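The structure under discussion appears below in the form of structure tokens.
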Amino acid sequence: MTEQGREPRALFGVAEVTGPSMYPTLRHGDQLLVHYGAEVKAGDVAVLRHPLQQDLLIVKRLVERREDGWWVLGDNPGAEGDSRVFGTVPHELLLGRVRGRYRPFAEDQRSVRGLVSWAVSAVRPVLTDRSASRRLRAR
């Protein structure tokens, strides 16, 4: 137990992507390596609690830090469910930064070529998009 009476939190964890809001960066079913409590900046992909339904975790790109929280967007402009709908996400609802993604092995990748293709592309870092805040201003 910590001094505040809480269990210590793990530094890293795994989350799974559901839905198309972060496509093409992330796909439905991708597994994410989440660095809890990491320093974040505009352009990072993060895991947050949904501001209107806090038992729901969301994965979004941090676009701009504002006084009352983060403005977040999905990488798929056609998908809903980001700050365009619910506004800023308060700072305390940001859980961690996404460091990498892992795409599970598909059953149809049984050939040697399919296996090699999967091995090369399955694990990737999730990088910061330095143009994220510029995209917000362009909207």
*asked:* Can you say whether G81 is over 18 Å from D129 (Cα atoms) and in a loop (DSSP other than H, G, I, E, B), as far as the supplied structure shows?
replied: yes
*State which residue pairs qualify: first residue on the phi > 0 side of the Ramachandran plot and inside the range 48-71, second residue β-branched (V, I, T) and surrounded by 16 or more Cβ atoms within 10 Å (Cβ to Cβ) in any location, beta carbons under 9 Å apart, and separation of 6 or more residues or different chains.*
G69/T88; G69/V89
*Just a yes or no: is a residue in the range 113-136 modelled with pLDDT under 95, in a helix (DSSP H, G or I), among the basic types (K, R) and surrounded by 12 or more Cβ atoms within 10 Å (Cβ to Cβ)?*
yes
*asked:* Can you find, within the range 88-112, the residue that is nearest to the chain's Cα centre (by Cα) among those that are surrounded by 14 or more Cβ atoms within 10 Å (Cβ to Cβ), assigned to a loop (DSSP other than H, G, I, E, B) and modelled with pLDDT under 95?
replied: R103
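Of the residues L73, L33, L56, which single one is of a type in the set (A, V, I, L, M, F, W, C), surrounded by 20 or more Cβ atoms within 10 Å (Cβ to Cβ) and either under 18 Å from L93 (Cα atoms) or in contact with a strand residue (DSSP E or B) (Cβ under 9 Å, 6 or more places away or on another chain) (or both)? Lay out the reasoning, then the answer.
Details: L33 fails: surrounded by 20 or more Cβ atoms within 10 Å (Cβ to Cβ); L56 fails: surrounded by 20 or more Cβ atoms within 10 Å (Cβ to Cβ).
Of L73, L33, L56, the one residue that is of a type in the set (A, V, I, L, M, F, W, C), surrounded by 20 or more Cβ atoms within 10 Å (Cβ to Cβ) and either under 18 Å from L93 (Cα atoms) or in contact with a strand residue (DSSP E or B) (Cβ under 9 Å, 6 or more places away or on another chain) (or both) is L73.
The values are calculated or read from the model by the stated rules, or taken from the named source; none is laboratory data. Note that the structure is a prediction, hence the values are computed from the model and not measured. Backbone-built Cβ (ideal geometry, glycine too); neighbour counts: all protein chains shown.
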